[in-house]
Each structure stands twice: as C-alpha cells, then as structure tokens.
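Read the structure below first, then the notes.
The values are calculated or read from the model by the stated rules, or taken from the named source; none is laboratory data. As the structure is a prediction and not an experimental result, all values here were calculated from the model. In this analysis, Cβ positions are derived from the backbone assuming ideal geometry, glycine residues included, and neighbour counts consider all displayed protein chains. Note: accessible area is taken over every heavy atom of the protein model, side chains too, but ligands, DNA and RNA are not part of it. Shrake-Rupley method; radii C 1.70, N 1.55, O 1.52, S 1.80 Å.
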Amino acid sequence: MTLEQRKAIELERKLDSLVSELQKWRDLSEASKPPEEPKPFEKHHSQLRRISSQLEGAQDAIRKAIQHHARMGTLLAFCRDLEVCILDLHSVWDFFRAKLALRAVPFYACYLVPADELAWKCYEPARSRAHAASAQAQQLKEPPLVFFDAWSTPYARSRFIPYEEPDENRRRWAVKAQHLPLIKSLPIPVIGVPWFQARHLSDTLLLAHEAGHVVEHDFGLTSTLHQLLGTAGVPGERHAAWASWLGEVFADVYGCLSLGPAFVGALMDFLAMDPQDIMAQRPDSSGWGDYPTDFLRILLGLRVLEVMGFQEKADAYRKEWLALYPRHAMGQEFEEDIPRVVDALLTGPIPELGKVSLCDVLCFSAVDQRNAASEVTRLLRAEKPGSSNVRVLLAAARLAYEKDPGAYVAGGVEALVLQKIEKDRESGPRNSPTGAGAKEAKALEAADREAGARLFGWLTLRIGPYVHEPVVCRPHDPRSAEVARRVGEAVRHHLPGVTVEHIGSTSVQGCEGKGVVDLMIPVMPGQLEPVKAVLDALGFQKQVPPAGHEPWPEDRPMRQGSLEHEGTRYNLHVHVIPADSPEVETQRRFRDQLRGDPAKREAYVARKRELLAQGITNSGDYAEAKGTVIERILKGSR
C-alpha cells in the first residue's frame with residue numbers, strides 16, 4: 001500500500017470520528033417508549049437531528065473530495081486542507097456539544113430546562129405565524145437553545161453582538177471567529193446567559209428580550225420594522241436615533257408582550273445603577289449607538305404596559321423609577337416620541353408573520369396577569385404553584401420577588417417554580433410545525449444535507465491578505481466571475497436576505513483592468529453591522545488606502561482581501577453601500593453601459609492605458625483620473 005493510499009484511509013477514519021459521535025447523540029435524543037425513563041436529550045431531538053443532518057452533508061462533501069483527490073493523485077497536496085476542514089466541523093459541533101452536555105449536570109439542568117421552555121414559548125408564536133404565512137419548513141429554525149456563558153448580560157448569538165471581546169480576551173476567540181457565520185447559519189438559534197443567573201431566576205425573564213432579537217433575525221423583520229417606524233412620524237434627527245436603536249426597542253417591546261409587567265420589573269432591576277450615571281446618559285448624532293438610554297428604555301416599557309391595559313402596574317413602576325431617577329438628559333422631545341414609536345410597532349401589520357400586528361402574535365393577557373398574581377400568593381406561602389403556563393409561572397416568580405424578597409428566598413420560591421416546570425413539561429421533542437409528516441421531515445432532511453454540502457464550500461473559502469501592488473492593465477480573466485460567485489454565495493449563505501453584485505471591470509467580458517474583483521453589497525437599514533461582521537469573520541480586512549488618500553468611511557465601508565482560485569490569487573474589494581444611496585444605481589449603470597456598448601468599453605480601456613503611459617500607478621490617483629471618462633460614459637457619450 002502506498003503512502004497516498006494510507007493517507008486516504010487516515011482521512012476517512014478521522015472523518016468517521018464525528019459521524020459516530022453524532023449518531024450516539026441522536027440515539028440519546030430519540031423519544032422513549034413507556035415505561036422507560038425519558039432519555040436525557042429527547043427535548044432536543046429536532047435540534048440534534050437538524051444539526052447532524054447539516055454536518056453530515058458537509059461530511060459527505062469532504063468524503064467526496066478525499067476520494068476525488070485520491071483518484072487524481074493529488075491527495076498529498078490537499079490533505080492538510082482537508083484535515084483542517086474536518087477539524088472545522090468538530091469546532092462547529094463543539095459549539096453545540098458543550099451547551100447540550102450541560103443539561104446532563106443536574107445543577108445546571110434545573111435552570112436550563114425552564115430557560116429553554118421560556119425561550120420556546122416566546123419564540124414559537126412568531127414561528128407558527130411565519131410558517132402559516134408560507135415560510136417553507138427548511139427556512140424555519142428549531143427551538144432556541146439557552147446556554148451559560150461568561151458574558152455579563154443575556155444575548156442572542158445570531159446577532160453577532162458578543163463577539164467583540166476586550167483586548168486581553170481576543171486571543172481566546174481568534175480560532176472560533178472564522179466559524180461564527182457558519183454556526184449562525186445552522187438552524188438553531190442560541191441564547192447565552194451569564195453563569196451566575198443559575199442562582200437568580202428573576203433575571204430569566206430577560207430571555208424574552210433575546211427571543212425578540214431572534215424573532216427579528218430569523219423571520220427577516222428588520223425592513224418591516226423600519227417601515228413601521230417611518231409611520232410613527234418622528235421628525236428629523238430623532239428619527240435617525242430611533243432607527244439606530246430599533247433592534248433593541250423591538251426586543252424590549254417583544255419582552256413586554258411575552259411576560260407583561262413582570263418583564264418591565266426585571267428590566268428595571270437589570271438596568272439599575274448609579275443615578276448620576278443614568279441621568280447623564282446622552283448619546284447624539286455623532287454615534288447614537290444600539291440602545292436607547294436606560295431611562296428611555298424604562299419609559300418605553302411603561303408605555304407598552306399602558307397599551308396592554310396594565311395602567312396601575314405601569315404607574316407603580318413609574319413612581320419607583322422616578323424616585324431614584326427623577327430626570328434624564330435626552331429632553332422632552334424623546335419622551336414625546338415614545339407613544340408614537342410604541343404604537344407604530346404594536347399596531348402595524350407585519351407581512352412576514354401573516355400581516356397581523358405584534359399584539360396578535362403574542363400578548364400577556366389580563367387573565368395571565370391575574371393568574372400570575374394568584375400564584376404569587378401561593379408561592380409566598382411556600383405552597384406549590386398550580387399553573388402549568390411557563391410564562392405565567394416565571395412572571396409570578398418575578399412578581400413574588402418584587403413583593404417580598406425575604407419570603408421569596410426563605411420560602412424557596414425558585415425551587416417550587418423550577419420543580420413545577422420540570423414536572424409539567426411534556427415528554428418528547430418540543431412541538432414544531434415543521435415536524436408533522438414523514439414526507440415533510442424527509443424533505444427537510446434533504447434540504448439540510450444540501451445546506452451541509454454548501455458548508456463545505458464555505459470551509460474551503462480562505463480569504464487571504466490583500467496584496468498591494470502597482471496598477472497595471474491586464475486582459476480580462478473570465479474566471480473572475482466564478483471568484484465573485486464564490487464570495488457572493490458565502491456571504492448570502494449567512495445572510496440570505498443580502499444581495500451581492502459583481503461590479504467593476506472584471507464584471508465586464510473583454511474589459512481590461514487591474515484584475516481586482518469588485519463586489520457591491522447594497523444594505524437596507526439594520527443590515528450594515530451584520531454584513532460587516534460576516535465579512536470580517538470570513539477573513540476580509542479593513543481597507544488600507546493608497547498613499548495620499550483616505551479610506552472609505554465605516555458607514556459606507558470597503559473591505560479587501562484575496563482568494564486563490566484555480567492556482568491564481570485574485571485581489572478582492574467589497575463595497576458595502578446603503579441601498580438608498582445614488583451610488584448603487586451609478587455602479588450598476590456604469591457596469592451595464594460597458595457590457596452593452598463595445599465602443600464605450602474600448603474608450604474606457606484606452607483611458608486606462610493612457611494613464612499608465614503617464615506613469616500613474618498609485619491606485620487612488622488612478623481611480624480619480626478615470627473620473628472624466630466615467631462621467632461621459634454614464635451620460636451616454638464616449
């Protein structure tokens with residue numbers, strides 16, 4: 001047996017290590033038949049099934065690549081890359097493995113079980129609406145998975161928010177950062193909570209806020225939310241502020257709808273800090289940030305409670321808050337915006353959820369609140385609760401804590417609530433509208449395996465450093481289109497709602513140029529930061545401008561990198577441009593003019609050669625000097 005043959009067997013055995021492990025996890029999640037004890041992970045069966053199906057699709061692609069290179073005699077040249085791909089799959093699986101494994105530790109499971117249930121009960125109504133509104137099963141994600149993390153606040157991993165660690169911790173994330181878009185693309189939304197929350201159930205209600213983030217992301221609500229904000233009539237500069245805060249505003253609104261007054265009480269405790277700090281918070285147009293001020297967040301929550309019919313509770317919370325924080329620095333105008341913003345979000349139709357309002361999707365009713373109040377009385381007497389509604393039980397636990405923290409702790413209220421949730425939890429996987437029929441399940445598995453095969457394409461997409469070199473005029477390389485396609489597919493795999501367009505000279509057949517593959521991503525409101533995060537995680541670098549020139553600003557950024565394709569390394573420019581900017585249409589028109597008119601294309605190339613003959617090789621100077629001919633082409637002349 002040759003060395004290359006042994007290497008092929010070695011790689012296949014390494015690949016099989018994950019195959020066998022995933023099968024064991026699926027076995028642990030299969031529903032038990034009476035009178036057996038429930039299997040430890042049966043509530044997570046659908047999650048495990050879909051993760052494993054996609055990873056197995058990627059494994060199949062790696063296996064085919066091993067076999068292909070073995071046949072072609074090129075395995076030794078590619079064996080290290082294939083081994084890295086296998087380890088990448090293990091790294092992705094480990095993201096979920098570690099979180100699922102905690103459920104086998106009773107101390108952690110007693111918290112994670114109700115946390116999972118709460119996240120599901122907040123997420124499922126929107127998921128059902130999306131499914132009824134024609135979303136295909138393979139487009140829907142499974143129930144959220146809650147896990148413990150060292151981050152100090154709860155957060156939804158799908159939003160990329162927590163991946164910027166303090167400088168001293170960046171090394172810790174360096175290896176995993178490249179896998180984050182891939183993890184996000186898998187059909188499991190994940191929500192992290194601080195480790196210390198295992199001993200303070202009251203903060204669990206903040207998971208409803210994170211469920212709101214997952215709902216916005218998973219069902220593509222961002223554009224609709226911005227449209228609804230536009231109907232609120234908030235003027236001028238303040239509209240820009242609310243647009244910047246909209247993701248967090250929606251999540252707070254969704255939390256209120258999920259749990260009613262108890263959510264606002266939990267949010268007050270969570271935000272409480274030195275009065276001088278809260279009253280001094282004043283972002284401005286130089287950087288509104290992602291969050292409204294803490295004071296405005298509480299006022300916003302109180303407004304939602306008023307709309308829901310909980311005026312008395314809203315008044316009580318307002319009195320408590322204002323006693324500690326009697327003023328804020330944002331001005332009366334922002335306070336006056338709150339009713340308009342809240343009402344627009346609560347009452348406007350949401351097409352992605354069946355053209356109904358948020359209140360029709362999910363709402364903690366007056367009956368729910370009365371039931372929670374009844375449970376408070378029982379709990380503070382150290383009596384077992386009677387309700388089986390997870391949202392009511394956790395709201396009651398929070399309200400009991402507010403009413404009498406001493407009796408709450410002394411009476412073991414948390415233990416009573418957790419035991420009740422565990423006792424009443426239904427056996428088997430969580431109900432899901434995607435799991436009804438065998439035919440649909442089979443189609444879903446096929447779609448997951450196909451998605452897994454695309455993951456292999458992402459794993460082999462290695463964005464390298466940008467190579468700075470003097471300007472030259474090269475013949476058109478038709479392979480540039482495939483390079484653009486590969487990069488565009490990688491971005492769209494993680495952000496399906498984003499458009500990636502090939503622009504510039506390499507997008508025009510027969511057009512000579514520098515050979516840089518230019519891509520344009522028009523971004524809608526709310527898409528800029530997710531797109532930048534995906535590009536950064538793929539390996540793109542921030543622009544290093546040519547000497548004497550400024551970089552593109554971060555509100556219209558350019559990322560650069562390189563990609564090896566068929567033995568040639570291609571430099572890449574990715575321009576991220578607001579979709580409503582005139583530049584988007586200008587880029588398209590210029591490309592289309594060159595594609596459709598050979599004479600214009602020849603005039604453009606002639607100008608490039610002329611500039612090089614003049615000795616202009618600085619790419620910034622070169623781009624500026626082409627401006628006149630570009631303007632003539634856009635105006636229709638040559």
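Some points to look at:
- Radius of gyration, Dmax [segment 573-619; alpha carbons; angstrom]: 13.7, 38
- The residues 622, 108, sorted by heavy-atom accessible surface at 1.4 Å with ligands and nucleic acids left out, run 108, 622 from largest to smallest.
- Chain lengthening between residue 472 and residue 347 when straightened (0.36 nm per residue, less Cα-Cα): 39.2 nm
- Comparing Cα centroids, segment 272-308 and segment 243-258 end up 12 angstrom apart.
- Solvent-accessible surface of protein heavy atoms, probed at 1.4 angstrom with all chains present, puts 263, 219, 107 in the order 107, 219, 263, largest first.
- Förster radius 56 Å - calculated FRET efficiency between residue 327 and residue 479, Cβ distance, rounded to 0.05: 0.30
- A straight chain from residue 409 to residue 335 at 0.36 nm per residue would run longer than the Cα-Cα distance by 23.0 nm.
- Rounded percent of accessible protein surface that carbon and sulfur make up, the chain, 1.4 Å probe: 53 percent
- Relative contact order for segment 1-127, counting Cα pairs under 8 Å that sit 6 or more residues apart, in percent: 26 percent
- The long axis of helix 413-424 is offset from the longest Cα principal axis of the chain by roughly 70 degrees.
- log10 of Debye I(q)/I(0), alpha-carbon scatterers only, for segment 294-364 at 0.22, 0.26 Å⁻¹: -0.99, -1.19
- Whether segment 198-305 is rounded, prolate or oblate, judged on the alpha carbon gyration tensor where a/c under 1.5 counts as rounded: oblate
- Ranking 302, 517, 205 by Cα position along the charge dipole of the chain, where only Lys, Arg, Asp and Glu carry charges on their C-beta atoms, puts 517 farthest toward the positive end.
- Angle between the chain longest axis and helix 207-218 axis [Cα atoms, degrees, rounded to 10]: 30 degrees
- For the chain, accessible area per residue (1.4 Å probe, heavy atoms of protein chains only), Å²: 44 Å²
- Leading residue at positive end of dipole, the chain (Cβ point charges), from 90, 627, 193: 90
- Surface calculation, 1.4 Å probe, protein heavy atoms: residue 315 sits at approximately 70 Å² accessible.
- For the chain, the dipole from Cβ point charges (+1 on Lys and Arg, -1 on Asp and Glu) about the Cα centre works out to 1700 debye, to the nearest 20.
- Counting only alpha carbon atoms, the long axis of helix 582-596 and the longest principal axis of the chain meet at about 40°.
- Spatial separation of Cα centroids for segment 592-638 and segment 312-333, in angstrom: 61 Å
- Across all C-alpha atoms in segment 257-387, the radius of gyration and Dmax reach 16.9, 54 Å.
- Largest to smallest in accessible area, the residues 360, 60 fall in the order 360, 60 (1.4 Å probe, all protein chains included).
- Accessible area per residue was computed with a 1.4 Å probe on protein heavy atoms; residue 1 scores about 150 Å².
- Full extension of the chain segment joining residue 108 with residue 3 gains 33.0 nm, where the gain is 0.36 nm per residue of separation less the Cα-Cα distance.
- Student exercise, segment 448-589 dipole from Lys, Arg, Asp, Glu Cβ charges, in Debye to nearest 20: 280 debye
- If you take the Cα centroid of segment 206-222 and the Cα centroid of segment 343-380, the two points sit 16 Å apart.
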